[in-house]
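Trainee: This structure is in structure tokens; I'll ask about it shortly.
The values are calculated or read from the model by the stated rules, or taken from the named source; none is laboratory data. Owing to the predicted nature of the structure, the values given are computational and were not obtained by experimental measurement. Neighbour counts are summed over all protein chains in view; Cβ atoms, including those assigned to glycine, are modelled from backbone coordinates with ideal geometry. Side chains included, ligands, DNA and RNA excluded: accessible areas come from the protein's heavy atoms. Shrake-Rupley method; radii C 1.70, N 1.55, O 1.52, S 1.80 Å.
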Amino acid sequence: MRKIYTAITQHRRTILFICDMILWNLSYYLSFAINAEDFTLSRSLSPFLWGLLISNICFSAAFVLFRLYNKLWRYADIEDFFYTAIASLTANLSFMVITMIIGAFIPEFNLGTRVYITYTLMSAFFVMMFRIVYRLNKILERRSLAQKAKKRLMIIGGGEGALSVLSEISKTPGNEYIPVCIVDDDKEKLHRRISGVEVVGTTYDIPEICSKYDIEVILFTISQISITDKKRILDACTSTHLEVKIIPNIYNLMTSGVPITSSIRQVEVEDLLGREPVVFDTEKYGKYIIGQTVLVTGGGGSIGSELCRQIARLKPRHLIILDIYENNAYEIQQELIRKHGDDLSFEVQIASVRDRKKLEHIFSTKHIDVVFHAAAHKHVPLMETNPEEAIKNNVFGTLKLAETADKYKVRNFVQISTDKAVNPTSVMGASKRICEMIIQMMGRRSKSTNFVAVRFGNVLGSNGSVIPLFKEQIRTGGPVTVTHPDIIRYFMTIPEAVSLVLTAGSIAKGGEIFILDMGEPVKIRVLAENLIRLSGFKPYEDIKIEYTGLRPGEKLYEELLMNEEGLKSTENKKIHIGKPIEFSEDEFFRHLKKIYYAANHNNKDEVEAIIAEMVPTYHHEKTGTESLPEDISTGEE
């Protein structure tokens, strides 16, 4: 068959010419048969054949002259069909003129006007219809192939989102989906059609429907839904091992003018957190930013850059982005220029919080009102092998920045902390606990600045976090690496973390440690399995999961609160205040001097020994062999 197809392709012009000739000759014969009652081929064979010869010569010449055999008729347009009609008319006129001239020499050759007219119309009709049918057939073939190449789509939700998606899909035939069915929990919609696609069941039937209709992709289009129902539905989707996608906010997309299908995204793990997202109340808590000069250290990092984005929307007088890493700083700089242009006054300072002279220069010249301190070394394994750098940057960078802020009477100072500061088992966690102690001390001492710390868990999608690593491992075919099958973490999104930070800055009175209600902790293994399923693969079959063992300083579980701290409610139900643990400031300062000397002489052993003296709850786990407490939820269903 392949050889036959190749031969046909190579001799396409010849085959097309033969087909045309058959159609011309058929038209010529029918024009006589229809119009001459006494016409018989045997009695008029000689003049008939002469006319047939002249006809073929005229049509061949005209069709070659108009280059009709140089065209690819599978892609023909209206212009090509117009030239075909003109070529046919030209051939017929030539035939009529020639036969009328030579008719005197062929007495038997007596063509009437009706024969000429019939032949002209019939020949033009046949050759045009032949090309039209051929063109339509190729279109149908391409559509059939395209349909086979498209992914069979099930839509969750029969509302405005589904209607918009179906409308856009119908307008863009080149898209990658073919809508097969819809599921909706509204019983009145059952077995009805939306833009030609039937509502075949409810969200409780998702696994069965996917199997019955050979679904390849699931699209979640419901925007107004409780977080509990959303998690239930998405959990059902993940059980199908199919690719799951989502439309973020249908109303925003409809009003923005952005094509709906271009905004379809993969379902992320944050969609499955199982709790309502924390949203920053700009009107209630954002007033302390408006018209102020704000400094964000570590402004190019994951948390720092999101702080800059949200602060920029609050119309500060001036925003200062401080970061030691110029590439990150450049990226957020360009993003803010694109989004805000001349409406935002801001600058980028490439500097380290360890450089007191540079800090003095910035604070003395910029008249800063609010500081968000997000600059820190945060990678646990790296700080285990470089404890002196954790102290130099995290501890003394914070101390220098805090003292400078107090000296220049900054109104609010917000320190970014972590749950790893609670009963720390790593150098990084212990260094952040010391930072919290610095904030508590400065909060008690300062008469002009409100010093607070904000503590939260792991941030989904932040630089170096587990989610981007998992996604990259899945993209390359695995395996996905998890340190321990029982390791659990609290999770929040970057916007949620920044929301907490901004809110804390507005309600700070000095010395507090703010803690977010992050819901239940989640097993990292379960998180990895869900990510694999949401990507359309089967865990342990399509994508392997390997357990690599706890890294030095890594916990099986994280806590947000030390037992001694207790909890105090705030006006925001999602935010609590931990009661500060008392400590001797004089002894704390003595330890600071000792650890400063040890760190600057790169004495790692002495640094770790002094950390243990400064943070009584510090239990260094070099091998990561702790057990999981029975009262900690695993996040499993």
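Trainee: Work out, step by step, the length gained on full extension between residue 89 and residue 382: first 0.36 nm times the residue separation, then minus their alpha carbon distance; give nm to one decimal.
Mentor: Gain on stretching residue 89 to residue 382: 97.2 nm.
Trainee: Also, quick follow-up: Determine the shape class of segment 317-365: with a ≥ b ≥ c the square roots of the Cα gyration tensor eigenvalues, call it rounded for a/c under 1.5, and otherwise prolate if a/b is greater than b/c, oblate otherwise.
Mentor: The shape class here is oblate.
Trainee: Count the net charge of all other residues whose Cβ sits under 13 Å from the Cβ of residue 212, scoring Lys and Arg as +1 and Asp and Glu as -1.
Mentor: -3
Trainee: Tally Lys and Arg at +1 and Asp and Glu at -1 over the other residues with C-beta under 11 Å from the C-beta of residue 185: what net charge comes out?
Mentor: -2
Trainee: Further question: Subtracting the Cα-Cα distance from 0.36 nm times the residue separation, let me have the gained length for residue 170 to residue 617 in nm, one decimal.
Mentor: This chain segment gains 154.7 nm when fully extended.
Trainee: Sticking with this structure for a sec: Taking amide H positions as placed in the peptide plane 1.01 Å from N, state which residues far from residue 177 in sequence (5 or more) or on other chains have amide H under 5 Å from it.
Mentor: Amide H neighbours of residue 177, under 5 Å, 5+ apart: 151.
Trainee: Grab the Cα-Cα distance for residue 594 and residue 64, subtract it from 0.36 nm times how many residues apart they are, and report the gain in nm with one decimal.
Mentor: Length gained between residue 594 and residue 64: 181.1 nm.
Trainee: Determine how large the accessible area of residue 392 is when every protein chain is in place; take a 1.4 Å probe and give Å² rounded to the nearest 10.
Mentor: In the full protein context, residue 392 sits at about 30 Å².
Trainee: Follow-up question, since we're still on this one. Of the listed peptides 479-488, 406-415, what is their order by residue-averaged count of other C-beta atoms within 10 Å, with the highest listed first?
Mentor: Per-residue mean Cβ counts within 10 Å order the peptides as 406-415, 479-488.
Trainee: Once both labels are modelled 7 Å past Cα along the beta-carbon direction, what's the residue 100-residue 603 spacing in nm?
Mentor: Taking the two extended label points, one gets 11.9 nm.
Trainee: In addition: Pairs 407/432; 447/604; 378/579; 287/568; 315/420: which exceed 28 Å Cα-Cα?
Mentor: Pairs exceeding the cut-off: 447/604; 315/420.
Trainee: Using the Cα gyration tensor of segment 316-458, with a ≥ b ≥ c the square roots of its eigenvalues, what is the shape: rounded (a/c below 1.5), prolate (a/b larger than b/c) or oblate (neither)?
Mentor: oblate
Trainee: If you don't mind, another one. With label points built 7 Å along Cα→Cβ from the Cα atoms of residue 334 and residue 584, find their separation and express it in nm.
Mentor: 5.4
Trainee: By per-residue mean of other Cβ atoms within 10 Å, what is the highest-first order of 314-327, 591-604?
Mentor: Sorting 314-327, 591-604 by mean packing, highest first, produces 314-327, 591-604.
Trainee: So if we plug the beta-carbon distance of residue 355 and residue 160 into 1/(1 + (r/R0)^6) with R0 = 60 Å, what FRET efficiency do we get, rounded to 0.05?
Mentor: Computed FRET efficiency for residue 355 and residue 160: 0.65.
Trainee: Given R₀ = 22 Å, what would the calculated FRET efficiency be for residue 444 paired with residue 409, taking r from the Cβ atoms and rounding to 0.05?
Mentor: 0.85
Trainee: From the gyration tensor of the Cα coordinates in segment 351-417, what semi-axes in whole Å does the equivalent ellipsoid have, largest first, with each one equal to sqrt(5λ)?
Mentor: Calculated on Cα positions only, the semi-axes equal 24, 12, 8 Å.
Trainee: Taking R0 as 45 Å, what FRET efficiency do you get between residue 214 and residue 13 from their Cβ-Cβ distance, rounded to the nearest 0.05?
Mentor: 0.60
Trainee: While we're on this one: Note down the nm distance, to one decimal, between modelled labels 7 Å out along Cα→Cβ at residue 469 and at residue 367.
Mentor: 4.6
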